[in-house]
Amino acid sequence: MRFEDLGLIQPILKALADKNYEKPTLIQEKAIPLVLKRKDVLGCAQTGTGKTAAFAIPIIQLIHKIELRKQQPTTLRALIVTPTRELAIQIDENIRDYSKYTNLRHTVIFGGVKQGKQVEKLQKGVHILVATPGRLLDLISQGLLSVDTVKLLVLDEADRMLDMGFIHDIRRLLQLLPEKRQSLFFSATMPDNIVKLSNKILTNPTKVEVAPVSSTAETIQQYLYYTNRTTKKDLLLHILENPEINQVLLFARTKRGADRIARNLKKQYIKAAAIHGDKAQNQRQKALKQFKEGTIRVLVATDIAARGIDVDKLRFVINHDIPNVAETYVHRIGRSGRAGEDGIAISLCEPEENAYVRDIERLIKQKIQVIKDNPFPQTDKPMTEAEKKEWNKEKQRRKQEFFANRRKKQEQQANRKRR
Ligand code: AMP
C-alpha cells in the first residue's frame, strides 16, 4: 500500500516525501482511513510503530479541509494529550513537518517551564494543540485557554498516563470538552482500567491493533550478558570499546543510577549525558539535541524520561538494569529498530535480576541470546560482606524513593481535590 492509496491530499503527500517515508506503516494503513471517515479509534500500539503519524496525518487533513471551506478565524479544533513533555514536543515537531505545506497553526504546552511564551502562542490562535495534562488544565483554570471548540481529541499513551497518576486530570478534562466530538485513544497495553477509561471516552470505536506488547519487533537482535553487580561498570566499558556502538540509549532504573553511570562514562572520556525527571527541561532538551546530532554517544535515561525519545535509526539500546516489569523491557528495546530499521538491544543482568530475565523471556516467548565472550561473567559466589552492605543500602534508598514518590502523589491528589 502507498500513501496515495489512503486518499491523502497533495500538501501532505509532499511533506511525507520530504520525510522520506516510502509507505505507510501497518498502524497508519489501518488508522488513517478510519480517522478520515470520522470514526472513533481505539489504537493498541506502542511507540516505534508510526502511531504519531497515524493520528496526526488524518487530523491535519480533516482540519485543512474545513479551513479551506470556511475560511474561519483560527479556532482550536484538535487537542492531543500525552503524558510527558518530551512526547508532547516530538508530536508537535511531527505535526510541524507533516503540515508544512498547509496553513494550519499548532503549538505545544507542557509544565516545568514558565507559561508566558506558551500563552502568547495560544493567544495568536492555533488549530491543533499538543499538551501534557497538568499544564493544560492549569491554563484552562486560569481562563487562558478554552477547549469548547475542540472537535477532535487524541489521548496518547493512555497506559502511561494512568501510571503517572493523571486519571483525575483526564476525568476533569472530559467534563470540559464538548460531548460531540471524534476521539482517538492510543495505548501500548490494554489492561482493564484502560479499557474502562476508553469506554468513557470513545463512542462505538473501531479497534486497531499492531504489535501487541509481548511481540518484540522482529528486527531487533537481543543479547544478554550475565554479570555481577560490581562488574557492570567494567562490562559496560568493554561493550563500548566496540566503535560501531556510536549512538546508544542506555536505560537505568533510578535517577541517581542514571547520573552515576553518566559520570563514570565521562571519567573514561566517553561522551555521555543523563536525562531524567530531576533535570531541568532545557538540560533535557540540550542533551537530546546533542544525542541526535551525534555529539553525545551514550544517553542515559530512566524509563519515564525515555518515553519521548525518538531518534531516527537508533540502533543500540543497552539495559544497564533489567526492569522488574517485563513489559518495560519490551518498551525499552522498542526504542531501537524503529520503523523497519534493524536494532540491537543488549542487557546486563546481575544475579538479583536473573528472575526478571525469566519473566521477560516468558512474556516475549523467546530466549535472549547469552553472550559467552564475556570477560566479567556472573559468578555463583555469594555476595561479599561489602557488596551485601552496598546492596542493602541501595534497597533502603529505593524504598525511601518509593515512599517519597507515593507521598508526593498523595499530596498532588489532595491538592487537586481541594481545588
Ligand atoms: P512513532 O511510533 O510515532 O513514535 O514513530 C516512530 C518513528 O517512525 C518516527 O521516527 C517516525 O518519524 C518514523 N515513521 C513514522 N511513519 C513512518 C513511515 N511511514 N515510514 C518511515 N518512517 C516512519
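Numbers for the structure displayed
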{"quantity": "Residue that is nearest to I95 (Cα to Cα), among those in segment 46-55 that are part of a loop (DSSP other than H, G, I, E, B) and near the ligand (Cβ under 7 Å from one of its atoms)", "calculated": "G50"}
{"quantity": "Residue in segment 20-29 that is part of a helix (DSSP H, G or I) and without any contact (Cβ under 8 Å) to a residue 24 or more places away in the chain present", "calculated": "no"}
{"quantity": "Condition broken by A305, with the remaining ones in (1) without any contact (Cβ under 8 Å) to a residue 60 or more places away in the chain; (2) within 16 Å of the ligand (Cβ to nearest atom) satisfied", "calculated": "(1)"}
{"quantity": "Residue that is buried (at least 22 other Cβ atoms within 10 Å of the Cβ), within 16 Å of the ligand (Cβ to nearest atom) and of a type in the set (K, R), where the choices are R96, R85, R2", "calculated": "R85"}
{"quantity": "Residue that is open to solvent by less than 10 Å² (accessible area, probe 1.4 Å) and polar (S, T, N, Q), where the choices are T74, T107", "calculated": "T107"}
{"quantity": "Hits in segment 50-71 - residues which are among the hydrophobic types (A, V, I, L, M, F, W, C), open to solvent by 10 Å² or more (accessible area, probe 1.4 Å) and closer than 20 Å to S183 by Cβ", "calculated": "L62, I66"}
{"quantity": "Any hit, segment 199-213, residues being among the charged types (D, E, K, R) and at pLDDT 95 or above", "calculated": "no"}
{"quantity": "Unmet requirement for Q90, which otherwise passes all of (1) closer than 22 Å to L288 by Cα; (2) more than 16 Å from the ligand (Cβ to nearest atom)", "calculated": "(2)"}
{"quantity": "Tally of residues being over 15 Å from Q182 (Cβ atoms) and open to solvent by 20 Å² or more (accessible area, probe 1.4 Å) across segment 5-49", "calculated": "21"}
{"quantity": "Segment 123-144: number of residues that are open to solvent by 20 Å² or more (accessible area, probe 1.4 Å) and among the aliphatic types (A, V, I, L, M)", "calculated": "2"}
{"quantity": "Failed item in (1) without any contact (Cβ under 8 Å) to a residue 24 or more places away in the chain; (2) part of a loop (DSSP other than H, G, I, E, B); (3) away from the ligand (no atom under 16 Å from the Cβ); (4) farther than 30 Å from G277 by Cβ, with K114 passing the rest", "calculated": "(4)"}
{"quantity": "Criterion violated by R297 - all others in (1) open to solvent by 10 Å² or more (accessible area, probe 1.4 Å); (2) within 16 Å of the ligand (Cβ to nearest atom); (3) modelled with pLDDT of 80 or more; (4) of a type in the set (K, R) satisfied", "calculated": "(2)"}
{"quantity": "Selected residue (criterion: most open to solvent (accessible area, probe 1.4 Å)) from residues of segment 255-274 that are under 24 Å from V325 (Cβ atoms) and modelled with pLDDT of 90 or more", "calculated": "R256"}
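The values are calculated or read from the model by the stated rules, or taken from the named source; none is laboratory data. Just so you know, these numbers come straight off a predicted model, no measurement behind them. Don't worry about glycine lacking a Cβ; one is built from the backbone with ideal geometry, like all the others, and counts go over all protein chains shown. Just the protein is used for accessible areas: all its heavy atoms, side chains included, with ligands, DNA and RNA removed. Shrake-Rupley method; radii C 1.70, N 1.55, O 1.52, S 1.80 Å.
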